[in-house]
Amino acid sequence: MPNEETPRVSIAYGGFKPGELRRALWLILIAWFFGASFSGIVSGAAIISFLTKYLKTNDLQFALIMAAGPVAVAFQFLGSFVTERTGRTKVNFLIFVTLHRLLWIGVALVPICLMHATSTVQIWAVGIIIFLSAAIANYGGAGWPTWMSEIIPRSLAGRFFGIRSSLGMVAMVVIGTAVSYLLDRFDGQGWMYALVFAVAGIMGAVDILSFLPIRDLQRPPDTTGTPLLSLLVLPWKEVGFRNYLFYMFIAWISYNCMGPFVGRYCMDAVKNQGMAMNVSMTNIVLFVVPILAMAVFSPFWGRAVDKLGPRSVLAASSLMAVIVPLGWLFMRPGWFWQVVVLSIIGGITWPGVDQATVFMQIKGFPQQYNSVFNATFLVVSGIAGTVGIFIGGLLATFWQHNLHYLAPYLPVWVSHYHPVFATAIVVRLAALVFLFPRLRLPGQGRLAQVPGVVLDGLIDATPGIGDLVRIWRRRTQKMSA
């Protein structure tokens, strides 16, 4: 991203020797197996099932609990302030993010210790614990992108995080499938939810503690005494960064307005025009299938980011994020095949948004006060997530009671979630048409080049296919000559 008002500075942070760098990169990769397993449980079918089937939350209660995590992202500001003041990230990261992971054991204790409490008490307890956990995570993890930006070479950042994403997705598939089977096998009993979330907390802590051997590269601390408020205002002075935030804010609202409620729709009963899927089936079609597709294609989208820059990659994937969800507007009970198809296509195309966003966090923001820029981005994303989930909950609640009064001629298979999906699609289309052209992201590649680069990566990685394609291209070139 062009830096118009805050100059880039070249600071020597100490650096890694080649052998030390290789060890650090391997640890970052391996650790994510445990981190992805944690994330897959606390943000996948298990938590949706826990809130929907065990706590029996309504749409608004569900939205409020799911929004508890994103709203706590405001603590990124405090964490980034401490990072800039001290020049260190590792200590806060290890202490507070480990505590964040272990707090999910508190969620695990709710079905055990509060099993005789009212549903309202249990819902409040879960919401408070999730909020506290997320707040501590955002404080402790504020400097993590800055730390990684100093370790990972720019030339392979896209590919590295693409491979890391793929490894993590494999872990999500394995753990998510096992967890879903257990929840269905034991019919969502309280003790099983307790076991699942306790294991998730422990695996999450292992992820963070795996960073212990990686050296913290001491950054020059900010000795200017700049007040926190002045640091928070700094990123907003850059027009390019401000435009990027505005686009991502609107886009993230649309993603979160729809995403969590797709799971609710799939688990809802047929009498409510839902898909009536159990936990295992929902996990397979909404998490396992797209994650497998993402695991295959994330490195190739990362390669496209390295080659073309994040602008064209983000444009291509954002366009698909408008087109693919249109299929959900025509979804009806029994159309299991369509859910699978949409999940596969979504898994293939979404990594462009993911990899472009990660690249911007690690390499696209200014190096000076990098943690402040990242904190601002994450807070804006968190607010957008909160707003999106809350709007989705309000819309679902409204349409549940008014759909067939306000639109009596709709087909009987239309559920109160369909208008929520339509709203989300319209918002992300508006963001792409009116806001994306104003972005000043790195890269000179064109949108039309992106599919070719992604497919070239897939072809080259497929044994035998790459050689055949290269032979065909050489013969074609000779014939045209």
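Here, each number is a calculation from the coordinates, and none is a lab measurement. In this text, all values refer to a predicted model and were calculated from it rather than measured experimentally. Cβ: placed from backbone, ideal geometry, glycine included. Neighbour counts: every protein chain shown.
Got a sec? How would 281, 267 order by Cβ neighbour count within 10 Å, fewest to most? Show your work: numbers first, answer last.
On the way: 281 18, 267 21.
Listed from fewest to most nearby Cβ atoms, that is 281, 267.
Checking a compactness column here: for the chain, what do you get for Rg(Cα) / (2.2 N^0.38 Å), N being the number of residues? Write down the numbers at each step before the final one.
Numbers: Rg = 22.7 Å, N = 481, 2.2 N^0.38 = 23.0 Å.
For the chain, the normalised Cα radius of gyration is 0.99.
Work out which helices of the chain, taken as complete DSSP H runs, extend at least 27 Å along their axis over the Cα atoms and score a mean Kyte-Doolittle of 0.5 or more, then list them.
Numbers: long enough: 18-42 (36 Å, 1.12); 119-140 (32 Å, 1.47); 157-185 (41 Å, 1.00); 190-209 (29 Å, 1.80); 239-267 (43 Å, 0.66); 289-308 (28 Å, 1.02); 370-406 (52 Å, 1.02).
Qualifying helices: 18-42, 119-140, 157-185, 190-209, 239-267, 289-308, 370-406.
Taking neighbour counts of Cβ atoms within 10 Å as a proxy for exposure, in what order, fewest first, do 88, 303, 438 appear? Mind dumping the intermediate values first?
Working: 88 17, 303 23, 438 13.
So the ranking, lowest neighbour count to highest, is 438, 88, 303.
The range 143-296: Rg/Rh from Cα coordinates, Kirkwood Rh?
Working: Rg = 21.1 Å, Rh = 19.8 Å.
Result for the range 143-296 is an Rg/Rh of 1.06.
Determine how many Å³ per residue the convex hull of the Cα atoms of the range 224-355 encloses. Kindly include the intermediate steps, with their values, before the conclusion.
Working: hull volume 20.1 nm³, N = 132.
So the per-residue Cα hull volume is 152 Å³.
How do 336, 300 rank when sorted from fewest to most other Cβ atoms within 10 Å of their own Cβ? Show your work: numbers first, answer last.
Working: 336 14, 300 25.
Neighbour counts put them in this order, fewest first: 336, 300.
Cα-Cα over 23 Å: which of 53/271; 237/363; 307/363; 17/307?
Details: 53/271 16 Å; 237/363 19 Å; 307/363 14 Å; 17/307 26 Å.
In this structure, 17/307 exceed 23 Å between Cα atoms.
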